[in-house]
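Q: A single structure is presented below for examination.
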Amino acid sequence: MATKVNLNADIAEGWGAYDIGNDTELMRIIKSASVACGFHAGDANTMHRLCMMAKDLGVSVGAHPGFNDLWGFGRRRIQMKAQDLEYMMAYQIGALQAIASYAGLKVTHLKAHGALNNMAAEDEGYAMAIGRAIKTVDKDIIYVALFGSEMEKAAKKLGLRMALEGFPDRRYDDNGNLASRTIPNTVIKDAKEAGDAALRMVRDGEIVAMSGKVLKVKIDTLCVHGDEATGVAVARSIRQALEAAGIAVVPLPEMGL
């Protein structure tokens, strides 16, 4: 059984005067923040505020790049050349590196957002493009990847550090991919249910798909979604469930990946 795990959240997903999610409360529960870099959400001020908060709370920060899709919040599937995607990833990593410098922090991981994450899980070209951007900009950045995905294969092929990610607040299909948000009830908003799912992922190495199929997995980091109104309650329940079971919740760099 795992003795430690990381808890991360997709965060800093406001824009200008508009805030999405309760970043202040969520940051007191999680140990790593995946920070929107301006393409699907986020801007310089939002990123700066989040990084300064992360410094004060001992939370590690990572890039959360997505498609150039503010209108669709990065949840629309976009077909593009893998090379163009690679440069788009490098651009967003660089943006967060610059802002994180104001807090004296280093960008320690990358976790793709929304539709990009879903597509890269299945598309070798997209998965490799993300990996090449990491390797070029900073080979020590941890590639956060869905278990059993093309991203996991890309990270191994490129010799990158990797964290395998589970989503206790989302439902899965039989292939181990996240079920589309267009399907009703694929986002888990019940805090206890999410806590139970997280514990099963980490302690037992299992995910139960929507069909009831049990999938065997290895999980290094658990993600909650900052743009959900239930994000804080879900994150708190997950952390409490893990710690009650004797599993330490630590920043991603402390996972020894």
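The values are calculated or read from the model by the stated rules, or taken from the named source; none is laboratory data. The shown structure was predicted, so the numbers you read here are calculated from the model rather than taken from an experiment. Neighbour counts are summed over all protein chains in view; Cβ atoms, including those assigned to glycine, are modelled from backbone coordinates with ideal geometry.
Q: Scan segment 201-239 for residues that are buried (at least 16 other Cβ atoms within 10 Å of the Cβ), over 13 Å from Ile188 (Cβ atoms) and of a type outside the set (A, V, I, L, M) and report the count.
A: Total meeting the criteria: 8.
Q: With a cut-off of at least 1 residues that are more than 17 Å from the chain's Cα centre (by Cα), name the strands (runs of 3 or more DSSP E) lying wholly within segment 130-210.
A: 206-208
Q: In addition: So for segment 48-66 (the condition being surrounded by fewer than 24 Cβ atoms within 10 Å (Cβ to Cβ), more than 22 Å from Met255 (Cα to Cα) and touching a Gly at 6+ places or on another chain (Cβ under 8 Å)), does at least one residue qualify?
A: No: zero hits.
Q: Shifting gears a bit: Test Tyr126 against the criterion of being closer than 24 Å to Lys31 by Cα and not in a loop (DSSP other than H, G, I, E, B), and give yes or no.
A: It is false that Tyr126 is closer than 24 Å to Lys31 by Cα and not in a loop (DSSP other than H, G, I, E, B).
Q: Being closer than 16 Å to Asp84 by Cβ and surrounded by fewer than 24 Cβ atoms within 10 Å (Cβ to Cβ) is the filter here; which residues of segment 107-122 pass it?
A: Correct list: Ala115, Met119.
Q: I would also like to ask the following. Report whether or not Leu85 is surrounded by 23 or more Cβ atoms within 10 Å (Cβ to Cβ), out of contact with any strand residue (DSSP E or B) (no Cβ under 9 Å at 6 or more places or on another chain) and touching a residue at least 24 places away in the same chain (Cβ under 8 Å).
A: Against the criterion (surrounded by 23 or more Cβ atoms within 10 Å (Cβ to Cβ), out of contact with any strand residue (DSSP E or B) (no Cβ under 9 Å at 6 or more places or on another chain) and touching a residue at least 24 places away in the same chain (Cβ under 8 Å)), Leu85 qualifies.
Q: List pairs: first residue in segment 171-182 and at pLDDT 85 or above, second residue surrounded by fewer than 16 Cβ atoms within 10 Å (Cβ to Cβ) and basic (Lys, Arg) anywhere in the structure, Cβ distance under 6 angstrom, at least six positions apart or on different chains.
A: Matching pairs, first to second residue: Asp174/Lys213.
Per-residue answers, yes or no, for (1) touching a Lys or Arg at 6+ places or on another chain (Cβ under 8 Å); (2) modelled with pLDDT of 95 or more; (3) on the phi > 0 side of the Ramachandran plot:
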position	(1), (2), (3)
Glu13	no, no, no
Glu25	no, no, no
Ile29	yes, yes, no
Gly38	no, no, yes
Met52	no, yes, no
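Q: OK, next. Restricting the search to segment 166-181, which residues are farther than 24 Å from Gln240 by Cβ, among the charged types (D, E, K, R) and crowded, with 17+ Cβ neighbours inside 10 Å?
A: none
Q: Only one residue in Gly125, Gly159, Gly148 is out of contact with any Leu (no Cβ under 6 Å at 6 or more places or on another chain), free of Cβ contacts under 8 Å to residues at least 40 places away in the same chain and surrounded by fewer than 22 Cβ atoms within 10 Å (Cβ to Cβ), so which one is that?
A: One residue alone meets the criteria, Gly159.
Q: Still on this structure, please answer the following. For segment 182-191, how many residues are exposed (fewer than 14 other Cβ atoms within 10 Å of the Cβ) and of a type outside the set (A, V, I, L, M)?
A: Qualifying residue count for the region: 3.
Q: Continuing with this model, one more query. If Leu222 passes every condition in (1) farther than 14 Å from Ile30 by Cβ; (2) assigned to a strand (DSSP E or B); (3) touching a helix residue (DSSP H, G or I) at 6+ places or on another chain (Cβ under 6 Å) but one, which one does it miss?
A: It fails just one condition, (1).
Q: Can I ask one more? May I ask you to say which residue of Lys135, Lys153 is in contact with a helix residue (DSSP H, G or I) (Cβ under 6 Å, 6 or more places away or on another chain), of a type in the set (Lys, Arg) and closer than 20 Å to Leu116 by Cβ?
A: One residue alone meets the criteria, Lys135.
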